[in-house]
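Visitor: One structure, as structure tokens, below. Some questions next.
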Amino acid sequence: MIIFFDTSAWVKYFLNEEGTLHVQSFMTEHPFSEDNLFVTSAVTYVEMIATLTRACRGRRINEEELETIITVFQEHWS
């Protein structure tokens, strides 16, 4: 299955907001595998880093959480 995740879906996976549980549940039911190909736009990477950085500046997450989330996101990205 090809699964398209835009920036909004990725943000919901990492930051607690409306829709987070749905996105996390979906990813649990459809994990990364040869059968589940996740795709996104090239601009999603930049949008994610910007969104996460704004969340840190706005104190939604701290710097340690920011670094962890970015690391995990980059692992998924590759």
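Visitor: Let me confirm something: among THR51, THR7, which residue is in contact (Cβ under 8 Å) with a residue 12 or more places away in the chain, surrounded by 10 or more Cβ atoms within 10 Å (Cβ to Cβ) and over 18 Å from SER78 (Cα atoms)?
Guide: Residue meeting the stated conditions: THR51.
Visitor: Working carefully through the options PHE38, PHE73, find the one that is assigned to a strand (DSSP E or B), surrounded by 17 or more Cβ atoms within 10 Å (Cβ to Cβ) and touching a Phe, Trp or Tyr at 6+ places or on another chain (Cβ under 8 Å).
Guide: Going through PHE38, PHE73 in turn, just one is assigned to a strand (DSSP E or B), surrounded by 17 or more Cβ atoms within 10 Å (Cβ to Cβ) and touching a Phe, Trp or Tyr at 6+ places or on another chain (Cβ under 8 Å): PHE38.
Visitor: Would you confirm whether or not segment 58-65 contains a residue that is within 11 Å of the chain's Cα centre (by Cα) and without any contact (Cβ under 8 Å) to a residue 60 or more places away in the chain? Walk me through it before giving the result.
Guide: Just the residues of segment 58-65 that are within 11 Å of the chain's Cα centre (by Cα), to begin with: none.
So far as segment 58-65 goes, no, none of its residues is within 11 Å of the chain's Cα centre (by Cα) and without any contact (Cβ under 8 Å) to a residue 60 or more places away in the chain.
No value in this document is a laboratory result; all are computed from the given coordinates. Quantities reported herein were computed from a predicted structural model and do not represent experimental measurements. We place every Cβ from the backbone using ideal geometry, glycine too, and count neighbours over all the protein chains shown.
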